[in-house]
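The values are calculated or read from the model by the stated rules, or taken from the named source; none is laboratory data. A quick note: this is a predicted structure, and the numbers were derived from the prediction, not measured. Cβ placement follows ideal geometry from the backbone for every residue including glycine, while neighbour counts extend to all protein chains displayed. Side chains are part of the model used for accessible areas, which takes the heavy atoms of the whole protein and leaves out ligands, DNA and RNA. Shrake-Rupley method; radii C 1.70, N 1.55, O 1.52, S 1.80 Å.
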Amino acid sequence: MTSMTYTDKAETLEFFLSISIWKWLISVSIFLSAVSCCLLKPKASFVLPRILSLVSVITFFSTPIKAAYQENILSPLDSHYPPIRFVNDAYSAYKQVNSDKSFYEKNVKKTDSWNADIKNDNYDTVVIIIGESVRRDFMSVYGFPVNNTPFMQSTPGITFTDYISSGPATVLSLTHSLYRFKDGRVEYNNSIVRLLGKSGYHTNWISNQGVFGGADSPVSLAGKQAEDYHFVKNGSSNKFLYSPDEKMLPLISDALNRKGKKAVFIHLMGSHPVACVRTNGHYDNFFRSREESCYIQSIKNTDALLDSVHGMLGKNSGSWAMMYFADHGLQIVDKGTSEERLQHSDKYQNNYDVPLFVTTSDMAERKVITAPRSGFDLIPLITQLLGISEPSTDLQCNLFSDEICNEERVVLKKDGSLIPYNTLPREEALQ
């Protein structure tokens with residue numbers, strides 16, 4: 001329901017296209033069977049229809065009665081009978097999403113309470129690139145067999161090998177990374193965008209993900225807190241089929257050519273399912289299935305974009321820093337079939353395992369950090385990189401070292417509840 005609220009018809013269609021054709025065929029066959037049963041005249045004896053009707057009634061009520069016995073709650077709407085529960089859950093989710101949307105829009109307008117000061121004027125320019133749906137074990141820089149990250153593998157910088165996203169989907173994850181999360185609450189008036197603006201940086205948000213007026217997500221609302229913002233796909237449905245991230249390069253170039261201190265946020269469409277839509281059906285290497293091959297290619301395309309932005313920064317005479325991370329990972333489904341692909345999930349650790357790569361103008365060699373880091377630490381990561389002092393973000397721990405800063409990391413499930421990351425199983429390794 002969140003995805004439907006914060007996207008348009010074309011992207012909703014992409015969601016339906018990500019469902020296996022066999023699941024659609026089964027659903028259609030069930031519907032046609034039901035229609036056939038209604039149209040056919042019964043020719044059986046008088047007893048058989050009554051027996052079948054009795055079995056149907058018992059089956060109908062057995063699930064809600066069992067649920068009521070186990071949970072001590074008898075609710076006609078939350079009956080655990082799939083057709084009824086589907087409608088009830090969808091309606092409840094719709095109400096919750098709309099309530100959350102009003103809350104976001106109200107609180108994001110409040111004055112921020114950042115208390116920022118620059119300890120060391122580390123870099124004049126900072127570029128923060130937000131990837132989409134990238135699972136790091138599909139990247140060659142993390143050991144994947146297909147070479148799809150030549151830039152990250154060869155460029156002096158820091159590769160974090162154990163960075164996890166805060167959530168399993170874009171809105172849930174970035175909401176808890178781009179805004180201050182304090183005492184179990186997201187402070188929508190305190191975003192990293194406003195913090196950098198308060199620290200003397202001219203802020204610019206460039207996004208290849210849409211913005212739709214009244215249906216702005218907390219992510220696009222964070223973008224609108226920048227002094228300049230550009231949404232390449234501004235609600236035009238015909239732009240949602242194939243819109244490569246390279247379209248943003250002219251806007252990025254303009255932002256980087258601006259004089260003075262600047263912070264540029266770049267939000268990619270990246271590897272968002274359906275992956276073959278992202279690459280226009282093109283891939284250089286076949287791997288297991290067409291869709292998975294496109295997914296690998298989409299990561300390669302993102303790596304090439306990072307290379308382009310890095311080249312622009314290299315022409316800048318000032319000091320600069322560039323950070324790239326992804327909002328969440330994905331799960332492999334329909335393994336071993338021609339339909340094998342990746343989709344959103346919160347079942348495995350792999351659904352949260354994402355890349356984090358940092359490079360700066362003064363780095364001369366490659367470095368690997370194996371210490372565990374989390375999307376909940378994104379704001380402290382950025383402030384430590386830039387030398388910004390803000391009391392509420394000071395972890396008293398060097399995030400750019402192998403120092404263990406947090407023994408137990410937590411992640412958000414789809415319903416917003418927090419669980420320890422280590423309690424999740426790992427999806428079997430790629431073969």
I'm told G210 meets every condition in (1) open to solvent by 30 Å² or more (accessible area, probe 1.4 Å); (2) modelled with pLDDT under 95; (3) assigned to a loop (DSSP other than H, G, I, E, B) except one. Can you identify the failing condition by its number?
(1)
Being farther than 21 Å from T175 by Cα and open to solvent by 30 Å² or more (accessible area, probe 1.4 Å) is true for just one of V368, V410. Which residue is that?
V368
Among K315, K335, which is within 23 Å of the chain's Cα centre (by Cα) and open to solvent by 20 Å² or more (accessible area, probe 1.4 Å)?
K335
Quick check on the stretch 234-244. Is at least one of its residues among the small types (G, A, S), surrounded by fewer than 21 Cβ atoms within 10 Å (Cβ to Cβ), modelled with pLDDT under 95 and within 28 Å of N189 (Cα to Cα)?
yes
Within the stretch 87-135, work out how many residues are modelled with pLDDT under 80, open to solvent by less than 90 Å² (accessible area, probe 1.4 Å), over 28 Å from S243 (Cβ atoms) and of a type in the set (D, E).
1
Quick one: in the stretch 318-332, of everything that is under 29 Å from S20 (Cα atoms) and of a type in the set (A, V, I, L, M), which residue is farthest from the chain's Cα centre (by Cα)?
I332
Looking at (1) within 22 Å of I164 (Cα to Cα); (2) out of contact with any Leu (no Cβ under 7 Å at 6 or more places or on another chain), which is the one condition that is false for F287?
(1)
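Hey, does the stretch 277-299 have a residue that's among the aliphatic types (A, V, I, L, M) and surrounded by fewer than 18 Cβ atoms within 10 Å (Cβ to Cβ)?
Scanning the stretch 277-299, I find no residue that is among the aliphatic types (A, V, I, L, M) and surrounded by fewer than 18 Cβ atoms within 10 Å (Cβ to Cβ), so the answer is no.
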Criterion (assigned to a helix (DSSP H, G or I), modelled with pLDDT of 90 or more, of a type in the set (K, R) and farther than 25 Å from K109 by Cβ) met by exactly one of K247, K259:
K247
So which residues in the stretch 301-317 are free of Cβ contacts under 8 Å to residues at least 60 places away in the same chain and not in a helix (DSSP H, G or I)?
K315, S317
Within the stretch 384-407, restricting to residues that are polar (S, T, N, Q) and closer than 18 Å to S166 by Cα, the one that is least open to solvent (accessible area, probe 1.4 Å) is T393
Go through the stretch 137-148 and give me each residue that's open to solvent by less than 40 Å² (accessible area, probe 1.4 Å) and under 20 Å from the mean Cα position of the chain (by Cα).
F138, M139
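Could you say whether any residue in the stretch 169-183 is assigned to a loop (DSSP other than H, G, I, E, B) and β-branched (V, I, T)?
The answer is no, given that none of the residues of the stretch 169-183 is assigned to a loop (DSSP other than H, G, I, E, B) and β-branched (V, I, T).
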I266 being under 22 Å from the mean Cα position of the chain (by Cα), open to solvent by less than 20 Å² (accessible area, probe 1.4 Å), of a type in the set (V, I, T) and modelled with pLDDT under 95
no
Out of (1) under 19 Å from G329 (Cβ atoms); (2) surrounded by 11 or more Cβ atoms within 10 Å (Cβ to Cβ); (3) in contact with a helix residue (DSSP H, G or I) (Cβ under 7 Å, 6 or more places away or on another chain), the odd one out for L418 is which?
(3)
